[in-house]
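Asks: I'd like to ask you about the structure that follows.
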Amino acid sequence: MVGQEGDDTADASDVVGGDANAPVALDDGLRGELAELTATLCKALNDPKRLLLIYALADGPRSVGALAETLGASQTNVSQHLAILRERGVVGTERRGPSIIYSLRYPELIGAVDQLRGILSRELDRRQQLVAG
């Protein structure tokens, strides 16, 4: 059956809707949406430090200085990463006196990244089992 954990094999009877060798129709709307996803969110998330910033902001808004201290990085470096996250719509900003405060625009992004982490963990376990054989 498709999707069973630990089963990497599939045959035509496993494929919902028929022939495993038949091409799948992907509409232009989906193609465009996935291109936009790749150009925005995927590029924003394609750096471990930016992912750490997202997790640091999960607990609430923070200044660049607080985020730099949390990550153990320079304020300049953190500011550069935050600029990318802001350009891609992942974080928002608010001025509080002389400081700019950053916040996570879409807190549900943490859940999405957690799901990806779970998939990675299961895949690493699967590979380890293959090696252990």
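Quick note: the coordinates plus some simple rules give every number you see, no bench work behind them. Not measured: the values here are computed from a predicted model. Note that we place each Cβ from the backbone using ideal geometry, even for glycine, and neighbour counts take in every protein chain shown.
Asks: Got a number for residues in region 91-118 being in a strand (DSSP E or B) and charged (D, E, K, R)?
Replies: Qualifying residue count, region 91-118: 3.
Asks: Here's something else I'd like to know. Among the residues that make up region 87-107, is at least one of them within 18 Å of Tyr55 (Cα to Cα), surrounded by fewer than 11 Cβ atoms within 10 Å (Cβ to Cβ) and under 16 Å from the mean Cα position of the chain (by Cα)?
Replies: No; the residues of region 87-107 include none that is within 18 Å of Tyr55 (Cα to Cα), surrounded by fewer than 11 Cβ atoms within 10 Å (Cβ to Cβ) and under 16 Å from the mean Cα position of the chain (by Cα).
Asks: Follow-up question, since we're still on this one. Please find, within region 20-78, the residue that is surrounded by the most Cβ atoms within 10 Å (Cβ to Cβ) out of those that are of a type in the set (Val, Ile, Thr) and assigned to a helix (DSSP H, G or I).
Replies: Val78
Asks: Another question, then. Count, please, the residues in region 119-133 that happen to be surrounded by 12 or more Cβ atoms within 10 Å (Cβ to Cβ) and in a loop (DSSP other than H, G, I, E, B).
Replies: Within region 119-133, residues that are surrounded by 12 or more Cβ atoms within 10 Å (Cβ to Cβ) and in a loop (DSSP other than H, G, I, E, B) number 0.
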